[in-house]
Structures are given as structure tokens and as C-alpha cells.
């Protein structure tokens, strides 16, 4: 039996810092992702949810970045 367990997520802000990318650019690219891709919305006490990614989500986003850059040339 396959079990998908997410034990940690990373905020998009942190992913942007780790990848050396602009957060708004990454946010726009996450529009191509679903929860199955590792995208997770985190709801806290503030008014706005925070976008976070599982490790699979970061990998998926990196693939989307690479595809976006290839299509620009």
C-alpha cells in the first residue's frame, strides 16, 4: 500500500531564498501546480494564508522554472 506522508513544508518565501529566485515570479509559476504536485496552503491566525511546498512540490516547481526558462528562448 502506498502512503504519501508530508512531514514538513517550506514556505514559498524560503524556497525563493534557497533558489535565489524572485518570490513573485515563483508565485506566478505555482499557478500551474495542484495539491497533488506538493502545493499546500497554510492557514494561521493572520488574514492571509501562506503558500508552502512539500519537498516534492519544490522539485515540481524547479521543473516548472526550467521549462519556463527553456520556453523563453
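Measuring between their Cα centroids, segment 23-42 and segment 57-73 lie 12 Å from each other.
Which shape class applies to the chain: rounded if a/c is under 1.5, otherwise prolate when a/b exceeds b/c and oblate if not, where a ≥ b ≥ c are the square roots of the Cα gyration tensor eigenvalues? Numbers along the way, then the final one.
Details: a/c = 2.02, a/b = 1.25, b/c = 1.62.
Cα axes put the chain in the oblate bin.
For every helix of n ≥ 4 consecutive DSSP H residues, a contribution of -39,500 (n - 2.57) applies; sum these over the chain, divide by its total residues, and give [θ] at 222 nm rounded to the nearest 500 deg cm²/dmol. After summing the helix terms and dividing by the residues of the chain, the value is -13000 deg cm²/dmol.
What full-extension length gain, to one decimal in nm, is calculated for residue 10 and residue 34 as 0.36 nm per residue of separation minus the Cα-Cα distance? Don't skip to the answer; put the middle values down first.
On the way: separation 24, 0.36 × 24 = 8.64 nm, distance 1.57 nm.
Extending this stretch completely gives an extra 7.1 nm.
Here the simple spin-label model places points 7 Å from the Cα toward Cβ, and for residue 50 and residue 68 these points are separated by 2.1 nm.
Since every read-out is calculated from the coordinates, none of them should be taken as a lab result. Fair warning: this is a prediction, and the values are worked out from it, not measured in the lab. Here the Cβ is made from the backbone with ideal geometry for all residues, glycine too, and neighbour counts use every protein chain on show.
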